[in-house]
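See below for the structure under consideration.
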Amino acid sequence: MLEAIVAGQTDSRALAQMARGRLRDKIPELEKALTGRIQPHHRFLLAKQLAHVDFLDEQVADIGAEIGCQLEQMSQLPEQPPAKGGNSSSDVGELAEGELPARPLTWNQAVVLLDTVPGIDRQAAEAVLAETGLDMRQFPTDKDLAAWAGLAPGNNQSGGKRYSGRTRKGNSSLKTCLVRIAWAAVRTKDTFLKARYQRLASRRGKRRAIVAVAHSILVSIWHMLSDGTPYVELGGDYFDQRKKEVKVSYLTRQLEKLTGGTVQIELVPVAA
């Protein structure tokens, strides 16, 4: 639309028809919003702004390509004899629980692993690894990493009374990156992270819920880098399935209160 305006298009209906996706549901509103007087100096400034956006996109692409080259060079490990048991760097994802890889993950392997987490793309994975590094032995547990990043919940109690659970200060760059990743993750469909956010946001508010999701993502990252295993998706119905009988009993009691009678549930097989 903006490029068409710069090119001299003034018909609001024609401009509105360029909408894509969900914006097409608002064609009448778009026509009203695009109706106005656009002077040559408006088009000149708009063209400069679009050119600046294109320039920034090119810079981001160039920097991303350079980071990729550096990661490729850093991932070139010297050949080593296979460890006892026949494990090699290609065994990532097939290690037993608690078993360490025979050879540490390379940077490229770590980026691929983190890219399996909802909300994380290659650029976000590179940003996280730039802060945490590859060797999780510097963080004995996932709690140590969460505390270092400033995502560990506070534990302020006195006399059996719990006060503010505000997170402590930590690595602000990593915390900001993880919160941004969390916002992207909670927009994915049918995922554990989205279910966790919705579950907490209704009780604790959106800001606390998104920090909790960021904490969950960081804990997953610690285990993934420690064990060399990809992310395991638990599903959007994880919380319902975990306590299915309790939830069914609760909903049944709610129905009985609403109807004033006794509710019986009969399970009927779903037709194929």
Worksheet item: If we count other beta carbons within 10 Å of each Cβ, what is the order of ARG242, ARG180, fewest first?
Response: ARG242, ARG180
Worksheet item: Roughly how many nanometres apart are two label points built 7 Å out from the Cα toward the Cβ at ARG22 and GLN73?
Response: 4.3
Fill in: Eligible lysines near LYS169 by straight Cα distance, threshold 29 Å, same-chain separation 8 or greater
LYS143, LYS161, LYS194, LYS206
Discussion item. Once you order the gyration tensor axes a ≥ b ≥ c over the Cα atoms, which shape class does region 1-56 get: rounded for a/c under 1.5, otherwise prolate or oblate by comparing a/b with b/c?
Written reply: oblate
Item to complete: May I ask you to sort VAL246, VAL6, VAL112 by Cβ crowding, counting other Cβ atoms within 10 Å and putting the fewest first?
Response: VAL246, VAL112, VAL6
Practice prompt. Multiply the residue separation of HIS42 and VAL270 by 0.36 nm, subtract the distance between their alpha-carbon atoms, and state the gained length in nm to one decimal.
Written response: 76.0 nm
Discussion item. If I take R0 = 45 Å and measure r between the Cβ atoms of ALA130 and TYR238 in this structure, what FRET efficiency does the formula 1/(1 + (r/R0)^6) give, to the nearest 0.05?
Written reply: 0.90
Worksheet entry | Sites VAL263 and ALA184 - FRET efficiency at Förster radius 51 Å, r taken between beta-carbons, to 0.05 | 0.80
Fill in: Highest to lowest packing among 38-49, 136-147, scored as the average C-beta count within 10 Å
136-147, 38-49
Item to complete: Work out how much length VAL60 to VAL246 would gain on full extension: take 0.36 nm times their residue separation and subtract the Cα-Cα distance, in nm to one decimal.
Response: 62.0 nm
Worksheet item: Tell me, what is the FRET efficiency for ALA7 and ARG122 to the nearest 0.05, using R0 = 45 angstrom and their Cβ-Cβ distance as r?
Response: 0.85
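Only the coordinates and a few stated rules stand behind these numbers; no lab work does. None of the values given here were measured: they were computed from a predicted structure. Methodologically, a virtual Cβ is constructed for each residue, glycine included, from the backbone with ideal geometry; neighbour enumeration extends over all protein chains shown.
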